[in-house]
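Student: Please read through the structure below; I'll follow up with questions.
The values are calculated or read from the model by the stated rules, or taken from the named source; none is laboratory data. Since the model is a prediction, treat every value here as computed from it, not as a measurement. Virtual Cβ from ideal backbone geometry, glycine too; neighbours counted across all protein chains shown.
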Amino acid sequence: MGKTKSSKKKSTESVLHPFCNLPKVDRRPLPEGLNPIRERLIRVVEKKWANGTQLRYYFFDRPTDGGGRWKGPKKQQDVVRKAFKAWKDLGIGLEFREVDTREEAEIRIGFDQRDGSWSYVGRDIIDFAGDPNERTMNFGWDLTTSYGWDTALHEIGHTLGFPHAHQNPFAGIDWDENAVYNYFSGPPNYWDRQTIDWNILRKLSPQEVEGSDWDPNSIMQYAFPAGMILHPEQYRNGLEPEPGLSQIDKDQVRLFYPPIEGNDVKKLLPYESQRLNIPAGAQLNFKIKPDYSREYVIQTFGWADTVMVLFESTEEGPRYIMGDDDSGTERNAKIVCRLTRGREYVLRLRLYYSYIAGDCAVMMY
Ligand SMILES: [Zn+2]
């Protein structure tokens with residue numbers, strides 16, 4: 001995708017843009033007194049998908065959906081299709097597939113023009129919007145403009161688990177809060193104070209962001225007109241991120257979802273434990289070909305926080321069966337499931353944290 005220098009753009013161009021408004025969800029509670037390194041590693045990873053997951057997306061298609069307002073014209077849908085492809089073309093291990101029934105889809109997309117643009121963040125899609133008749137993403141303005149294209153990339157970025165860049169606590173942004181309230185309560189956003197706090201002034205906790213650098217050119221960054229940012233000083237006259245995905249966006253998404261090569265996948269055999277000798281945040285992938293059709297237990301052992309997800313390999317790509325996340329708790333991740341001889345399964349296991357590197361394992365029995 002062409003990335004053009006936007007330095008000649010006037011920051012005032014952003015003045016008329018409506019902005020993404022994220023659904024408000026509570027932070028997952030973690031036990032008090034967790035060691036801060038452990039908490040940080042949990043917060044950075046907890047909304048990300050297991051790499052290799054196939055995320056299926058669906059466009060609402062009936063005149064009854066949302067009173068007819070969720071159905072979008074093909075031209076708008078095509079921009080979203082292209083934006084999924086743009087993320088995929090970075091070589092990431094996630095897969096996207098369009099499906100025509102809502103029950104099959106993790107991502108369900110509406111085009112209600114009265115409801116702004118938004119998406120749930122990463123795995124919140126499953127935890128907070130599991131009803132197949134509900135949207136997990138909405139587009140509330142024309143996507144066929146260059147701003148609309150960036151909007152499509154931005155909302156998909158949320159779906160992949162990325163938060164707003166300007167809420168990064170390392171950005172060190174000091175706001176002129178009155179100017180921010182004034183501006184965003186007016187057209188075209190008409191937000192109330194709570195919504196402005198949620199999307200702009202609220203700083204993410206340092207635990208929730210990867211790395212310590214703020215990327216003002218991220219696709220996850222809003223544009224701000226002059227007079228909102230007091231510090232850093234170079235943004236007093238406004239901040240206009242360059243269009244498209246930034247280099248750091250590309251690096252970040254490849255860090256969490258690197259390409260999966262065939263030889264990255266080991267075999268998981270019954271009663272043979274596999275050591276999790278990987279750094280925090282990394283993932284191991286195991287192939288399972290059961291000799292018998294029976295109930296199996298797949299479990300981690302040792303002091304580690306992991307999220308484990310089991311998929312069946314099918315012609316339409318990996319089909320999610322079940323998962324378990326033991327992060328922040330004293331228990332171990334465990335999946336109990338009937339597997340069928342003749343079929344093939346993939347276990348994907350991401351390590352949040354281990355007390356001693358490599359001091360944990362996974363076994364199937
Ligand atoms: Zn957003």
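Student: Return the residue satisfying two criteria in turn: it lies in the range 144-153 and is of a type in the set (S, T, N, Q) and either farther than 13 Å from Lys75 by Cα or touching a Phe, Trp or Tyr at 6+ places or on another chain (Cβ under 6 Å) (or both), and of such residues it is nearest to the ligand (Cβ to nearest atom).
Tutor: Within the range 144-153, the match that is nearest to the ligand (Cβ to nearest atom) is Thr151.
Student: Go over the candidates Asp115, Asp65, Asp100 one by one and state the one that is touching a residue at least 24 places away in the same chain (Cβ under 8 Å) and buried (at least 19 other Cβ atoms within 10 Å of the Cβ).
Tutor: So the residue among Asp115, Asp65, Asp100 that is touching a residue at least 24 places away in the same chain (Cβ under 8 Å) and buried (at least 19 other Cβ atoms within 10 Å of the Cβ) is Asp65.
Student: Here's something else I'd like to know. With respect to Tyr292, determine if the residue is within 26 Å of Val121 (Cβ to Cβ) and away from the ligand (no atom under 16 Å from the Cβ).
Tutor: no
Student: Further, regarding this structure: Determine, yes or no, whether Phe184 is out of contact with any His (no Cβ under 8 Å at 6 or more places or on another chain), in contact (Cβ under 8 Å) with a residue 60 or more places away in the chain and under 15 Å from Leu16 (Cα atoms).
Tutor: In short, yes.
Student: A further question on this structure: Can you work out which of the residues in the range 170-190 that are part of a loop (DSSP other than H, G, I, E, B) and farther than 30 Å from Val45 by Cα is nearest to the ligand (Cβ to nearest atom)?
Tutor: Among those residues, the one meeting the criterion is Asn189.
Student: Taking the range 327-336 as the search range and keeping residues that are modelled with pLDDT of 90 or more and not aliphatic (A, V, I, L, M), which one is nearest to Ala280 (Cα to Cα)?
Tutor: Restricting to residues being modelled with pLDDT of 90 or more and not aliphatic (A, V, I, L, M), the top hit is Asn332.
Student: Additional query: Looking only at the range 340-365, how many residues end up being in contact (Cβ under 8 Å) with a residue 60 or more places away in the chain and either among the β-branched types (Val, Ile, Thr) or in contact with a Cys (Cβ under 9 Å, 6 or more places away or on another chain) (or both)?
Tutor: 4
Yes/no per residue for (1) at pLDDT below 95; (2) within 14 Å of the ligand (Cβ to nearest atom):
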{"residue": "Arg97", "(1), (2)": "no, no"}
{"residue": "Phe111", "(1), (2)": "no, no"}
{"residue": "Asp127", "(1), (2)": "yes, no"}
{"residue": "Pro132", "(1), (2)": "yes, no"}
{"residue": "Asp142", "(1), (2)": "no, no"}
{"residue": "Glu155", "(1), (2)": "no, yes"}
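Student: Another question, if that's okay. Which helices (runs of 4 or more DSSP H) does the range 25-131 wholly contain that include 2 or more residues that are of a type in the set (Lys, Arg)?
Tutor: Filter on the range 25-131 gives 36-45, 74-88.
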